[in-house]
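The values are calculated or read from the model by the stated rules, or taken from the named source; none is laboratory data. Predicted, not measured: the structure shown is a model, and the values here were computed from it. Cβ placement follows ideal geometry from the backbone for every residue including glycine, while neighbour counts extend to all protein chains displayed. Please note that ligands, DNA and RNA were not included when accessible areas were found on the heavy atoms of the full protein model with its side chains. Shrake-Rupley method; radii C 1.70, N 1.55, O 1.52, S 1.80 Å.
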Amino acid sequence: MNRQTLNLLLECHVLGIVGLSPDPHKDSHKVGAYLQAQGYRIVPIYPKVDAPILGQAVYVTLQEAHRAHPLDGVIVFRKSAAIMPLAQEFLSLTPLPKLFWMQLGVQNAQATQLLQEHGIGVVQDHCALIEHHRAQG
């Protein structure tokens, strides 16, 4: 894990979480709840639910979420095959968030290269909860 990229997470204030499940037993929910407890504003992006998650309004797309709450970074709980279209949508946001974080088991070399070419900090296959907790000592 690159310390510079981890610092980007620590500097973020508003995080969109793509795939944030309403189910408190799911990893995405646990990560979102942890980060919210650490003081981050969490913006759920989950097209299957129209009720609040973690007390926050839920958005269908990154675009919609970013218009409502300009995002500093995005944490992704999606399959690796779904990452490229998401990375392309991410690059359409204005202003661009500074971090694109793919959770454990999620990797996409082509999307990573594309995002890095645009100066975005990218993390693949790491848990934001674990890395944040480690960084806090």
For H13, project a label point 7 Å along Cα to C-beta. Then give me every residue of the stretch 63-91 with its amide nitrogen under 12 Å of that point. 70-72
Estimated distance in nm for a label pair at A68 and R3, the labels positioned 7 Å out from Cα along Cα-to-Cβ: 3.8
Taking all protein chains as present, what is the carbon and sulfur share of the accessible area of the chain, in % to the nearest whole number, probe 1.4 Å? 50
1.4 Å probe accessible area per residue over the chain, in Å²: 50
Chain lengthening between I130 and K79 when straightened (0.36 nm per residue, less Cα-Cα): 16.4 nm
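Might you report the magnitude of the Cβ-based charge dipole of the chain about its Cα centre, with Lys and Arg at +1 and Asp and Glu at -1, to the nearest 20 debye? Could you put the intermediate results ahead of the total?
On the way: 10 positive and 10 negative charges, 30 e Å.
Its charge dipole is roughly 140 debye.
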Lysines near K26 by alpha-carbon distance under 23 Å, same-chain residues fewer than 8 away left out - which ones? K48, K79
Based on the mean of other beta carbon atoms within 10 Å per residue, what is the order of 80-89, 41-50, most packed first? 41-50, 80-89
